[in-house]
Amino acid sequence: MLGAMTVRVRFAPSPTGELHIGSVRTTLYNWFFARHYSGTLILRIEDTDQERYDPKALPSIYEGLRWIGIAWDEGPREGGPHAPYVQSQRLATYTEHAERLVGMGAAYYCFCSKVRLEQVRAAQQARGEITKYDRFCRRIDPAEAAARAQKESHVVRLKVPDEGSVAIEDLVHGHVEWPLATVDDQILLKSDGFPTYQLAVVVDDHLMGITHVLRGDEWLPSTPKHLLVYRAFRWDVPQHGHLPSVLGLQGGKKLSKREGATRVTEFRELGYLPEALVNYLSLIGWAPGTEEEVFTAEDLIRVWRIEQVQKGGGRWDPQRLDWFNGVWIRRLSDDELLRRLEPFLPAEWDRATVRRTIPLIKERIVTLVEARDQIAFLFSDRVTPDPAQLLPKGKSAAEARSALGRAREALSSATPFDHANAEAALKRLAADLGWKQGEVNMGVRVAVTGTRVGPPLYESLELLGRERALARIASAEALLAG
Ligand code: GLU
């Protein structure tokens, strides 16, 4: 499909908030595409909407994408042949291009006041028409308009032809065509000298030599406006691929904050691995056409194809992410898992002990935070079990207490105090009591760890050591005496 063409793609976030996983998915696809074709990936900051500008956004974009592992070639901090890569630093370029279109007769100055525009809109609405600019200023003689533009506040609007249509062969959606009768004489340059997105995106994509525009499909309705700007300049149009949205589980709507984490660094804080997020996010809106679903970033660079991107939105399913995270945790070596856990561990926890727990918990955890929580009992002075959890089903408090007392005695003579002897002691006890092993062990587990979930019991006892294990069982007995 691409022949010898040099691929140049970009991701162009608007810095209006922290980096969202929907934008990360779009960025991933641009990254796979650029790397697959040995092309260039560009980061461009689209900050022409100064009202929505959020100074936290750029650091969050850098931090989030670095964590994910995406590297790009040209950008605000990286520089490159088309610097600056921040739109607010390119205002002169947009003004010059808007003026050029006016000079070519493809655009015009508009002096209409807000009040007039509102009246036009209200009248159109009252007549049940689509609301569009009524082209009042398009009829002003160009020389007169140029003279007025020296003194009067104005915008620059594109002259949209009355008839005909524009179309693209979208890489995802195929042929898409728009009749021009519905397209407004859009504003290209605002009265404050800032360009609209419609002008800036086209000028930048052209000047930066972008060959493929891969972006979210919420921009598909804006595409006819962009095509008209390309046409007005007589520029070649890059190929476009409009990518499906990442939808929430509820009602097919775009993923919202209410559905849980959406900010990319939140996933890091929750203990997800970037490998899992890359893997899972890639599958939202793309299917490899095989049963395979576990992919590294390198795999994805190799196998991902724009032709396999789906038209419809893909649903974000937190449980699927959990599944992938478990898969990726188990793929790490024990030493690597320790390294990943490091940011979650209090400084005072003994790392040699943590290292010993890793083979015990690796199969059981979904997130790194869960790993930390499951081994916390080893590093705390005491645990505070819920007395109700100390009771095996169907047993009274007195029975549970007496069983704990017997467990304490049995364990006090397990020598050396290791997992094998702890196991033998508790097995004998279960046989003596006529209890199921699980009934004996659950009480002991809750007594020593404070919870019902965690690493295997016999190994936990060994790691905790006899003295602390016995003291915790004694405290649990006291709780049941209550
Ligand atoms: N600045 C737009 C956004 O934040 C990007 C649009 C585009 O990629 O053309 O989504």
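Quick note: the coordinates plus some simple rules give every number you see, no bench work behind them. What you are looking at is a predicted structure, and each value in this text was computed from that prediction instead of being measured. Cβ: placed from backbone, ideal geometry, glycine included. Neighbour counts: every protein chain shown.
Per-structure values
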| quantity | calculated |
| --- | --- |
| Rg/Rg_ref, segment 1-154, where Rg_ref = 2.2 N^0.38 Å and atoms are Cα | 1.40 |
| Rounded to 5, the percent of DSSP beta bridges in the chain classed as antiparallel | 55 percent |
| Sparse-neighbourhood loop sites, GluC sites (Glu not before Pro) in segment 250-356 - DSSP loop, at most 15 other Cβ within 10 angstrom | Glu291, Glu292, Glu293, Glu348 |
| Low-density loop cleavage sites - trypsin sites (Lys or Arg not before Pro) in segment 41-77, where at most 13 other Cβ are within 10 Å (DSSP) | Lys56, Arg77 |
| All lysines inside 30 Å of Lys395 as judged from Cα atoms, apart from same-chain residues fewer than 8 positions distant | Lys427, Lys436 |
| Neighbourhood charge, 14 Å Cβ-Cβ cut-off, centred on His36 and excluding it, Lys, Arg +1 and Asp, Glu -1 | +1 |
| Those lysines that a straight Cα-Cα span of less than 30 Å connects to Lys56, excepting residues fewer than 8 apart in one chain | Lys190, Lys253, Lys254, Lys257 |
| P(r), alpha carbons of the chain - 10 Å bins starting at zero, rounded % | 4, 16, 20, 18, 13, 10, 8, 6, 4, 1, 0 |
| Loop trypsin sites (Lys or Arg not before Pro), segment 116-166 (other Cβ atoms within 10 Å of the site Cβ: 12 or fewer; DSSP) | Arg127 |
